[in-house]
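The values are calculated or read from the model by the stated rules, or taken from the named source; none is laboratory data. As the structure is a prediction and not an experimental result, all values here were calculated from the model. Cβ placement follows ideal geometry from the backbone for every residue including glycine, while neighbour counts extend to all protein chains displayed. Each accessible area value is taken on the protein alone, full model and side chains, heavy atoms only, with ligands, DNA and RNA left out. Shrake-Rupley method; radii C 1.70, N 1.55, O 1.52, S 1.80 Å.
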Amino acid sequence: MYNKVTMKSAIHDSGAGGIREMLRARIPPSILPYIPLVIIALLLIIKPYYLFPTHGDLDFHLVRAREIMIDPFQGLIWDYLVYHPMGRPLGHPPLLHVILAGFWTLGGVRFAHSIMCMLQILLTVFTASFVASRWYGERAGLIAGALVLASPRPDTLSVIMPAAYIPVLLVLTVYLLSENRLSAAVTGTLALWTHFIALITVVPAVLADGVRRNLRVLLLLLPSFILWGAYFLTSRGAPSEPVNGGYFSIGWLVFLILLYFGVPGIYLVKGRREFRPLVAYILIVLLAEVIFDDLSRGLQYVALPLAVVGGYTGSRLLENPSGAVRLVTGILIVSSAAVFTEQLLLTDIGWSDIDIPFENRYYPLKEYLDTHTGPHDVVWASSSVADKVAWMTGRRVSNGHYGPPPGFRETLHEVNIYDENGMFVVRDLKNRTVAVINPL
């Protein structure tokens, strides 16, 4: 009996080893970390959720891009299409909106929206896999690429927003501090031109890595830091749309998997150079978002660095001699990407829908305004559609959806659009109904 059991065990080990060797032969080690990236890229092609406007603050960002397209100089420093005639200060530095405007000019609004949505997701997964593999090995990179999808707010990863690029640029900056300081200064500067949260995270992360050895980096960051710091303190106007954090959603349960790997990972890398700048970033951003009462956003900011160090934890656990530990670790790693991939798989948007206008149900309203108003006309619109009118048509709107500037007063015009009972009602200055527009 002992010999039979031993023989069975040997056959099992030989078979498992053969499978591992076959996979290693077919998948080069340099490709291994990017398997999650390839899978997500394929899913994004198969399930094109980005063919129509998403949610969140998308209208705000599309308005900003349209402003830059119409008047680049004014659009770089002022939000002028909404809340006419006052306008309002920028809610974010303009880098993301400049890129969005460039893609829009190149291929239209649907093209720009599609590219930016995919780019945001793929850059996040790539950064996790790339940095973890360079710091801790190929297997850690593979694990990190899966863990980064275990976001507490998977919606923020799939919707265009400047905030999603801050973890990417910050982690790349920390990585480049030990590789190429000039490149680190470039990624840090890009972060400062992307979102105001970079003002309190990029420079402290560089300082945590050491002042003397990073003095040139700090000097290169200084002009952008002063420029946007002064703008933030004197003029900043941010979106004020309330955000549903989804504290009891399944996404938060999956995020616990990321914490399971990420928190021990921070401890495991405490003797390495990246430890201090990553911890500085994590602590500062969490404290800031607690102060601003948006903890879910704060945890979203730290998901990427936690995934990177969590890849190291997972790699160590897979070396454990216990088969049970390795099995549970593998299940948790695969499960970490479950919610995000499920959202992609369940979308009912397909390439057959590409003939439907990007504006979707608002397209008849766009057609009406394109026909009955000129490019320099000013209209009034209900708050629910004001920003949509601005980005769809480029018309100035004497109202807005996000926070108005101090002292702003709405003014009716010759064309006034009311969002009533699912219809768009157009009235003139005497409150007479001119047109009733049915959405698609």
Residue pairs, Cβ under 8 Å, 6 or more apart or interchain, first in region 261-274 and under 9 Å from residue 312 (Cα atoms), second open to solvent by 60 Å² or more (accessible area, probe 1.4 Å). List them. 268/316
Just to be sure I understand the filter: pairs with C-beta atoms under 9 Å, separated by 6 or more residues or on different chains, first member in region 288-299 and surrounded by fewer than 16 Cβ atoms within 10 Å (Cβ to Cβ), second member among the acidic types (Asp, Glu). Which pairs pass? 295/289
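Restricting to region 385-440, give me the number of residues that are in a loop (DSSP other than H, G, I, E, B) and either within 15 Å of residue 372 (Cα to Cα) or open to solvent by 40 Å² or more (accessible area, probe 1.4 Å) (or both). Give the steps one after another, and end with the answer.
So the first thing to find is which residues in region 385-440 are in a loop (DSSP other than H, G, I, E, B), and the list is 394-395, 398-415, 421-422, 428-432, 438-440.
If we keep only those that are either within 15 Å of residue 372 (Cα to Cα) or open to solvent by 40 Å² or more (accessible area, probe 1.4 Å) (or both) too, we end up with 394-395, 401, 404, 406-407, 409-415, 421, 428-432, 438, 440.
The number of residues fulfilling the criteria is 21.
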Conditions (1) touching a residue at least 24 places away in the same chain (Cβ under 8 Å); (2) out of contact with any Asp or Glu (no Cβ under 9 Å at 6 or more places or on another chain); number of the one not met by residue 176: (1)
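Residue by residue, here is whether (1) at pLDDT 95 or above; (2) buried (at least 18 other Cβ atoms within 10 Å of the Cβ); (3) in a helix (DSSP H, G or I) holds:
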{"residue": "171", "(1), (2), (3)": "yes, yes, yes"}
{"residue": "175", "(1), (2), (3)": "yes, yes, yes"}
{"residue": "188", "(1), (2), (3)": "yes, yes, yes"}
{"residue": "194", "(1), (2), (3)": "yes, yes, no"}
{"residue": "203", "(1), (2), (3)": "yes, yes, yes"}
{"residue": "206", "(1), (2), (3)": "yes, yes, yes"}
{"residue": "217", "(1), (2), (3)": "yes, yes, yes"}
{"residue": "234", "(1), (2), (3)": "no, no, yes"}
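Yes or no, residue by residue, for (1) within 21 Å of residue 54 (Cβ to Cβ); (2) among the hydroxyl-bearing types (Ser, Thr, Tyr):
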position	(1), (2)
367	no, no
370	no, no
373	no, yes
379	no, no
393	yes, yes
399	no, no
426	no, no
430	no, no
434	no, no
Screening 164, 132 for residues that are open to solvent by less than 10 Å² (accessible area, probe 1.4 Å) and either closer than 30 Å to residue 334 by Cα or in contact with a Gly (Cβ under 7 Å, 6 or more places away or on another chain) (or both) leaves only 132
Could you grab the pairs with beta carbons closer than 8 Å, sequence gap of 6+ or different chains, first residue in region 47-62 and on the phi < 0 side of the Ramachandran plot and part of a loop (DSSP other than H, G, I, E, B), second one of a type in the set (Asp, Glu) and surrounded by 18 or more Cβ atoms within 10 Å (Cβ to Cβ)? 53/59; 53/359; 55/155
